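Quick notes on the structure that follows.
The values are calculated or read from the model by the stated rules, or taken from the named source; none is laboratory data. Predicted model, so just to flag it, every value in this text is computed and none were measured. Cβ: placed from backbone, ideal geometry, glycine included. Neighbour counts: every protein chain shown.
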């Protein structure tokens, strides 16, 4: 079976600094994969490269969305990569704080709309139907994520854990085949963390999506992941199942045995 995401020899230089060095990583369909490593290992740089924020110095980023042909996406802009089916969240919450919960999810639907500027101005029947469908689809996503009760609440007024889930809801609104979560449990209390863990499982098991996450909470990583990739100083130092990783002496030395953030 062909990976839906296949990253080969990805390298990122910032002047004379090599932040990422010939990194290989792949994600299969309906798989949860974790990328871990010490603070500064290059994990977020990797996310920024594969989502178009950075253009990598070398290497290939290949995607094979279900039912579509394999494609190289190096150098594409972030909005075009989202349109291809890869959506992400960020370490720091990036909601539209003064908009409603529903409106935040509706914004995520923008890349799947057919009505252009003229349609928005003229408001023909097709545009009206599409706008109605956006509202209905966005509400359904909030139901799936467990946020329907907050539908008309201003985003900035949500509890912290609910804001994190709203970011995931907005990502799901883009109709992705792969969701990238950058430290989704950061700052959460134990109850919120448990709810997040169940949500990620639901995204894979019920919605049929693949998940690639960066996370420093090793309990979540070991519980959720089908496979784990480990970085240190910009290089991949290990990959394998949770059992293989937690017993790997190289990983223990570089990461698991140290009190550091992911």
**Asked** Filtering segment 152-168 down to residues that are assigned to a loop (DSSP other than H, G, I, E, B) and surrounded by fewer than 16 Cβ atoms within 10 Å (Cβ to Cβ), which residue is nearest to the chain's Cα centre (by Cα)?
**Response** 159
**Prompt:** Out of all the residues in segment 33-43, is one or more within 21 Å of residue 174 (Cα to Cα) and modelled with pLDDT of 95 or more?
**Reply:** yes
**Item:** Filter result for residue 94 (modelled with pLDDT under 90 and closer than 21 Å to residue 214 by Cβ)
**Value:** yes
**Request:** Please enumerate the residues belonging to segment 130-151 that are surrounded by 15 or more Cβ atoms within 10 Å (Cβ to Cβ) and either without any contact (Cβ under 8 Å) to a residue 24 or more places away in the chain or not assigned by TED's automatic domain parsing to the domain that holds residue 108 (or both).
**Result:** 130, 131
**Request:** Report yes if residue 222 is closer than 18 Å to residue 45 by Cα and not assigned by TED's automatic domain parsing to the domain that holds residue 158, otherwise no.
**Result:** no
**Request:** Report whether or not residue 30 is touching a strand residue (DSSP E or B) at 6+ places or on another chain (Cβ under 7 Å) and within 21 Å of residue 221 (Cβ to Cβ).
**Result:** yes
